[in-house]
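Enquirer: Sharing a structure, written as structure tokens. Questions coming.
The values are calculated or read from the model by the stated rules, or taken from the named source; none is laboratory data. Computed from a prediction, not measured in an experiment: that's the story for all the values here. Here the Cβ is made from the backbone with ideal geometry for all residues, glycine too, and neighbour counts use every protein chain on show. Just the protein is used for accessible areas: all its heavy atoms, side chains included, with ligands, DNA and RNA removed. Shrake-Rupley method; radii C 1.70, N 1.55, O 1.52, S 1.80 Å.
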Amino acid sequence: PETKIMLSSLYPVAASYPNQEDINNDKIEAANGWIYEIAEATGTRYIDCAAAVRGEDGALPETLQDGDGYHLNADAFDLVLSYIRTHGYQ
């Protein structure tokens, strides 16, 4: 009963991600919209964790990816954890 649930956005991919035809930031943003709608419809908290790692161009900065353009590196996860601490439930 004390558990707090949050639905989180998906992270963007870097411009260097090689499979842009399958997964790209436009598709990720659309999916994030669906996640937000589900959160609204169910009264669940939505947290935009992608904001912690999204560059000005909307992509994951190359310095925050783990070599494949898709996965976050340790620095990126530090940013996400900080974001959750400041934007999650207080």
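Enquirer: Give me the percent relative contact order of the chain, please, defined on Cα pairs under 8 angstrom at least 6 residues apart.
Expert: Once divided by the residue count of the chain, the mean separation gives 36 percent.
Enquirer: Separate question: Of 14, 82, 1, whose Cα points farthest to the positive end of the dipole of the chain (charges on the beta-carbon: +1 Lys, Arg; -1 Asp, Glu; origin at the Cα centre)?
Expert: Value computed over the given set: 1.
Enquirer: Where nothing but the Cβ of Lys and Arg (+1) and of Asp and Glu (-1) is charged, how large is the charge dipole of the chain around its Cα centre, in debye to the nearest 20?
Expert: 420 debye
Enquirer: Same structure again: For the chain, report the accessible area per residue in Å² (1.4 Å probe, heavy atoms, rounded to an integer).
Expert: On a per-residue basis, 65 Å².
Enquirer: Probe radius 1.4 Å, ligands and nucleic acids ignored: give me the carbon and sulfur share of the accessible area of the chain as a rounded percent.
Expert: Carbon-and-sulfur percentage of accessible area, whole number: 55.
Enquirer: Expressed as an acute angle from 0 to 90° and rounded to the nearest 10, what is the orientation of the C-alpha long axis of helix 74-87 relative to the principal long axis of the chain?
Expert: Between helix and principal axis, roughly 30 degrees.
Enquirer: Using 0.36 nm per residue, how much length does the chain from residue 16 to residue 31 gain when fully extended, once their Cα-Cα distance is taken away?
Expert: 3.3 nm
Enquirer: Separate question: D for the chain, whole µm²/s, Stokes-Einstein with Kirkwood Rh over alpha-carbon pairs at 4 °C and 1.567 mPa s: what number?
Expert: Roughly 94 µm²/s, to the nearest whole number.
Enquirer: Quick check: net charge around residue 61, other residues with Cβ under 13 Å of its Cβ, Lys/Arg +1 and Asp/Glu -1?
Expert: -4
Enquirer: Show that you can apply the helix-only estimate: for the chain, add -39,500 (n - 2.57) for every DSSP H stretch of four or more residues, divide by all residues, and state [θ] at 222 nm to the nearest 500.
Expert: -12000 deg cm²/dmol
Enquirer: Shifting gears a bit: Once the other residues with Cβ under 14 Å from the Cβ of residue 78 are scored (Lys, Arg +1; Asp, Glu -1), what is the net sum?
Expert: -1
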